[in-house]
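The values are calculated or read from the model by the stated rules, or taken from the named source; none is laboratory data. Just so we're clear, the structure is a prediction, and the values are computed from it rather than from any experiment. Heavy atoms of the whole protein, side chains included, go into the accessibility calculation; ligands, DNA and RNA do not. Shrake-Rupley method; radii C 1.70, N 1.55, O 1.52, S 1.80 Å.
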Amino acid sequence: LIVAFFNVVMMFVGNFDIHPILFVGQGMLFASFAMLVVAGPGLLAKETMQSLSTWTYGVTFLLSTACFVAAMTYISAADMSLLGRFSIVCSSLIGFVFMKRARMEKGMLAFVGLFGTLVWVAYFVPTEVRIPVYTLIFFFSFFQALQAFISETHKTNNLATSISQRLRVTAFIMTATSVTFIVFLAVMSGLQSALDVNMYGLAPTFKQFV
């Protein structure tokens, strides 16, 4: 339900002169500030910002959001909500192949049902946009799966024992992610303006930063 609501919000944002990726980055930045106020000063702040996993998570989040926004230019929010579940397939395969997780037989029926639903929805994607949509959905799902495993293996996050510590770690991860977002978009926007090139909506204009 939350993911579907997010997809609808992104579609709504796209109807105005608001860049959706910048909207996500700025929203995350303000949310992280609010979480830091609630968590207050304390342990694990320095360790979180120095962790490679924190910044890797930020990069994968940026890439998955870029793929998400690009895919939404071709298909509806409802289709994106369904096809985005391919990330579950990617997570299961990565967990089984690279993390040596045992396959749970009880979940196989649900897995097969999910995969069948994805194939059914993908079949009705218009022929002329199938290649870009399938490509973007694959990379979106792959980066989403990486985010899940980075969160799971994030050493500082695993060291947090109280709610305030977990809030603080999450806030600093979100700060790193949103800063990565905004700096990247600023560079892309500058290149777009200086070189006068079309980046197909992935880079905002300077006006959209205000």
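Summary table
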{"read-out": "Rounded if a/c under 1.5, otherwise prolate or oblate - the range 112-200, Cα gyration tensor axes", "value": "oblate"}
{"read-out": "Nearest-10 value in Å² for the accessible area of Ile150, using the 1.4 Å probe", "value": "20"}
{"read-out": "Separation of alpha-carbon centers, the range 112-164 and the range 24-51, rounded to whole Å", "value": "25"}
{"read-out": "Global geometry of the range 15-172, whether rounded, prolate or oblate, following the gyration tensor of its Cα atoms and the 1.5 cut on a/c", "value": "oblate"}
{"read-out": "Heavy-atom accessible surface of the range 18-63: percent carbon and sulfur, 1.4 Å", "value": "77"}
{"read-out": "For Thr156, solvent-accessible area (1.4 Å; no DNA, RNA or ligand), Å²", "value": "10"}
